[in-house]
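First comes the structure, then the notes that go with it.
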Amino acid sequence: MKTMIGASLLAGSLLVSGATAANAQTKPTLGTHGYGAVKLGMTVKQAKTTGDVVQKTPGGSGGCSGWDLKKFPTPKDSVGIYISPKVGLAAIFAAKGMRTPEGIEIGSTAKQVKAAYPRIKKDFQGFYVIKVPGNKRAYYFFDITRGKVTEYGIALNKQDCFN
């Protein structure tokens, strides 16, 4: 779990800021296993077959490739999904307007996060992390700044795309 949350510029840039007002109003769910048909652990081929993703960066030298959800494109130098050649779809970063099944979204307060996830812990890098309820293979991570969620996502415990 601790290897996941590297407070790198790349991870920080993964916040999807381009969601449309219509997408934000529908409050799509970043659920226990992924987003809609896009699920953690999928291979590149399986993810492409959903028709819901678009590749942005190649894996290069056997590394992770960067993707976006078609409905939530990210800015030029960022991605919303990582797919690892070893573990499959490793992480999905939430777009503005997405929420967890417990109702947490970008802009939620730290108090709301702690109420939704009473056992949440702050890791050594300052991110709040919790095992995903109903999916022991994954965890949610939240960046909380000035008392509000500024970024969050879901990742496999064994993801190998970032620290």
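Condition check for TYR117 on (1) over 16 Å from the mean Cα position of the chain (by Cα); (2) open to solvent by 20 Å² or more (accessible area, probe 1.4 Å): one failure, at (2). Only one entry in LYS48, LYS56, LYS86, LYS27 is under 17 Å from ALA155 (Cβ atoms) and surrounded by fewer than 19 Cβ atoms within 10 Å (Cβ to Cβ), namely LYS86. There is no residue in segment 122-131 that is of a type in the set (A, V, I, L, M, F, W, C) and closer than 19 Å to GLY36 by Cα.
Of the strands (runs of 3 or more DSSP E) lying entirely inside segment 44-132, those containing at least 3 residues that are touching a Ser or Thr at 6+ places or on another chain (Cβ under 7 Å) and at negative phi span 65-69. Taking the criterion of being closer than 22 Å to GLY36 by Cα, in contact with a strand residue (DSSP E or B) (Cβ under 7 Å, 6 or more places away or on another chain) and open to solvent by 30 Å² or more (accessible area, probe 1.4 Å), would at least one residue in segment 71-83 satisfy it? No, because not a single residue in segment 71-83 is closer than 22 Å to GLY36 by Cα, in contact with a strand residue (DSSP E or B) (Cβ under 7 Å, 6 or more places away or on another chain) and open to solvent by 30 Å² or more (accessible area, probe 1.4 Å).
In summary, THR32 fulfils each of the numbered conditions (1) at pLDDT 95 or above; (2) within 19 Å of CYS161 (Cβ to Cβ); (3) assigned to a loop (DSSP other than H, G, I, E, B) with the single exception of condition (2).
The values are calculated or read from the model by the stated rules, or taken from the named source; none is laboratory data. Here the structure is a predicted model, which is why all the values come from computation and not from measurement. Cβ coordinates were reconstructed from backbone atoms using ideal geometry, including for glycine residues, and neighbour counts include every protein chain displayed. Please note that ligands, DNA and RNA were not included when accessible areas were found on the heavy atoms of the full protein model with its side chains. Shrake-Rupley method; radii C 1.70, N 1.55, O 1.52, S 1.80 Å.
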